[in-house]
Structure formats: C-alpha cells, structure tokens
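Q: Starting off with a structure, shown below.
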Amino acid sequence: MRACALVALSALLFASYAHADSSNISVTVFVAQCTDGSDNDGDSLIDYPSDSGCDSAGDDDETDGTPAQCDDGSDNDSDGLTDYPSDPGCDSDSDD
C-alpha cells in the first residue's frame, strides 16, 4: 500500500513540476494525529499505540470517547462562538 502511495505521489509531483514554475511548487502532506509525534489531545500520551484514543496509526483523532467541550462542534457557553481557536473561552482544543 505504501509503495502504491509513493508511486502515485511521485507521479503527481512529476506532473506538477512539468507544468509549473519550480519556484511555485508546494506539497501538502497529511499526517494523521496518531502518527505525528505530538500529544494532540493533551493526555500526556503520544501516538498509536501508546495513546488509547488512537485506534490505528491512520487515526486522525487522539481523543478518547467524548471530545472536550472546546472540540465538540457545539457552542457550549452560548457566546455565539464554537470551539478552539474561535472561542476565546477555550485555551486549547482539549479544554473542557
């Protein structure tokens, strides 16, 4: 699977390079939270398999079960603002 993804990425990069000024090439690489080397949910555990919130290395959510109020998609304090970083009442996305 990784070999196929690498071949596809190489082909995409080559195609981009062939049709663009080399000074304007940019590449965006997606790294799932459970493999990015960071403690994204603030529980002092980092990545799969150490973080119990990670179901696999490809999991993009380190949180366990119910998300914190500052990362649940709701306006919990009824101030018209939802979640970190939009809500100034939230210091991080793991803030409750």
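The values are calculated or read from the model by the stated rules, or taken from the named source; none is laboratory data. These numbers were taken from a predicted model, which means no experiment stands behind them. Here Cβ is always computed from backbone atoms with ideal geometry, including for glycine, and neighbour counts include all displayed protein chains. Accessible surface areas use protein heavy atoms only, side chains included; no ligands, DNA or RNA. Shrake-Rupley method; radii C 1.70, N 1.55, O 1.52, S 1.80 Å.
Q: Report residue 26's accessible area, 1.4 Å probe, all protein chains in place, as a number in Å² to the nearest 10.
A: 100
Q: Which residue, 38, 70, 53, has the largest displacement toward the positive end of the dipole of segment 29-84 when charges sit on each Cβ (Lys, Arg +1; Asp, Glu -1)?
A: 38
Q: For 87, 96, 36, write out the residues from largest to smallest accessible area, computed with a 1.4 angstrom probe and no ligands counted.
A: 96, 36, 87
Q: Measuring from label point to label point, each 7 Å out along Cα→Cβ, what is the residue 72 to residue 27 span in nm?
A: 4.0
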